[in-house]
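Written below as structure tokens is the structure these notes are about.
None of the figures in this text is laboratory data; all of them are computed from the coordinates on show. These numbers were taken from a predicted model, which means no experiment stands behind them. We place every Cβ from the backbone using ideal geometry, glycine too, and count neighbours over all the protein chains shown.
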Amino acid sequence: MAVETKHKCNVGLTGNSAVAYAMKQINPDVVAAYPITPSTTVMEEFSSYVADGAVDTELVTVESEHSAMSACIGAAAAGARVMTATSSQGLALMWEMLYIAAGMRLPIVMACVNRALSAPLNIHCDHSDSMGARDSGWIQLYSETVQEAYDNIIQAVRIAEHEDVLLPVMVCLDGFITSHSIENLCLIDNDKVKGFVGEYKPNQPSLLDVEHPATYGAVALPDSYIEARRQQSEAMKLAKDVITDVGKAFEKVSGRSYGLMEKYRMDDAEVAMVILSSAAGTSKVAVDEMRKRGAKAGLIKPRVFRPFPYLEIGEALKNIKAVAVLDRADSYSSFGGPLFTEIRSGLYEFDKRPKIIGRVFGLGGRDYGVHDALAVFEELLRIKDTGKVDKLFDYITVRE
């Protein structure tokens, strides 16, 4: 769906259409992709922009997702601004190359339209794909709405290319729930997007710079490997402040504010939920309902999972009496999902911390409704009153 606008609001687009349009405005040098549900329409729509001459992008169609990321790596190493999109098994097939892209410090931006991993075969939403890649060295941003998916793609370019970062960025949005749902959003003027992302000037020598020859992917044995990893780790630490600064700069061109997380009705909250992406919207309705009932409920929606803002989340939760962390993925550790275990670990740094439980929900696209969130809040109120946790980790939205 082609859209032309001058900072136009009340434009109805699906999440995938909004991502494709943001990519059009960014006008990357190279996009390499292989289709997979539910991210396919991102590339379908972007390819129409290429065919119509609306972008200068070299679109590389390949034989697999592994090849797609390989082509992205080669193009980025040659000095190009590079983007792509994938989901689920496609992300899993890229696994080897995800680590290489991060290790080579290549600022590739990828939309990850979240979908469950097989088996059994499922094409609907959960976060097992991106959570499985959480330690690959990619920055991860999560999007609640179509608007956030659009905004995050634009910000991701500046984050990835910042000289203190130089890491790839994965922008996550929920498959079908966000990717295929039409929402009203505000699109930024084309010239403002162009000015915001700026002209790409690689901070590293490229493979095509014969005056300054460079080697990418060289062998690093015990005398040098750990230093490269340490530098990568330091870049991820620095990314937290860069993400915050880019969010402030983005507010100036869009009027929309972004940080590391969103805090919803947390000022006087006694019980709280922590949850990612589209399910946060459902949970906010439950928060409002609990408030009507006289319960001081609140919610934290992390926007950034890598780098993990453990101190900021811990600071926001330290005065809460009981907290539930909801994961749309399981780590299969028998100890909870990845978001739960990291938040619980982060709270250890605080002398004052809440009772905390972890709940896995909505795997494979299972519906998560307001009634499910309300049941979690009712459990938190019991924990607040009794000080006792019956089940540290459990599944909800499941038929027992």
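Numerical summary
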| item | result |
| --- | --- |
| Positive dipole terminus of the stretch 11-254, leading residue within 14, 175, 70 (C-beta point charges) | 175 |
| Degrees separating the helix 279-292 axis from the principal Cα axis of the chain, which is the longest one | 30 |
| Sorted by Cβ neighbour density within 10 Å, fewest at the top, the residues 83, 97 | 97, 83 |
| Whole-angstrom gap from the stretch 257-328 to the stretch 99-116, using each part's C-alpha centre | 27 |
| Neighbourhood charge, 13 Å Cβ-Cβ cut-off, centred on residue 308 and excluding it, Lys, Arg +1 and Asp, Glu -1 | +2 |
| Ellipsoid semi-axes in whole angstrom, largest first, where each is sqrt(5λ) of the Cα gyration tensor of the stretch 261-395 | 19, 18, 15 |
| For residue 11, distant residues with modelled amide H under 5 Å away | 185, 187 |
| Degrees, to the nearest 10: 146-161 long Cα axis against longest axis of the chain | 50 |
| Neighbour-count order for 208, 59, fewest beta carbons within 10 angstrom listed first | 208, 59 |
| Stretchable slack from residue 232 to residue 48, in nm (0.36 nm times residue separation minus alpha-carbon distance) | 62.6 nm |
| Tilt relative to the chain, helix 65-77 - C-alpha long axis, 0 to 90 degrees, to 10 | 60 |
| Total formal charge among the other residues, if their Cβ is under 14 angstrom from that of residue 196, Lys/Arg +1 and Asp/Glu -1 | 0 |
| Beta bridges per DSSP with both ends in the stretch 261-395, % antiparallel, nearest 5 | 20 |
| Residue 319 versus residue 181: modelled label distance in nm, points set 7 Å from Cα along the beta carbon direction | 3.2 |
| Karplus-derived 3J(HN,Hα), 6.51/-1.76/1.60, for each residue of the stretch 257-271, Hz, glycine and proline x | 9, 9, x, 7, 7, 10, 10, 10, 6, 9, 4, 10, 5, 10, 10 |
| Estimated vicinal HN-Hα couplings, Hz - the stretch 195-209 in sequence order (Karplus 6.51, -1.76, 1.60; Gly, Pro = x) | x, 5, 6, x, 6, 6, 10, x, 8, 10, x, 9, 4, 9, 8 |
| Principal axes of the chain: Cα extent on each, largest first, Å | 69, 55, 44 |
| J(HN,Hα) series, the stretch 134-139, from Karplus relation 6.51 cos²θ - 1.76 cosθ + 1.60, nearest Hz, glycine and proline x | 5, 9, 7, x, 8, 5 |
| Label point 7 Å beyond Cα of residue 244 along Cβ direction - residues of the stretch 259-283 with amide nitrogen under 18 Å | 259-264 |
| The stretch 261-395 - charge dipole about Cα centre, Lys and Arg +1 at Cβ, Asp and Glu -1, debye rounded to 20 | 160 |
| Centre separation in Å (Cα based) which lies between the stretch 128-181 and the stretch 37-61 | 19 |
| Efficiency of FRET between residue 385 and residue 257 - r from beta-carbon atoms, R0 41 angstrom, step 0.05 | 0.70 |
| Given 8/192; 296/321; 24/248; 194/237, the pairs whose alpha carbons are separated by over 19 Å | 24/248; 194/237 |
| Fraction of antiparallel bridges per DSSP, the chain only, in percent to nearest 5 | 20 |
| FRET efficiency, residue 61 to residue 7 (Cβ-Cβ, R0 30 Å, nearest 0.05) | 0.35 |
| Under 20 Å from residue 252, Cα to Cα: aspartates and glutamates that are on another chain or at least 8 residues apart | 148, 151, 161, 189, 191, 199, 241, 262 |
| Sorted by Cβ neighbour density within 10 Å, fewest at the top, the residues 345, 130 | 345, 130 |
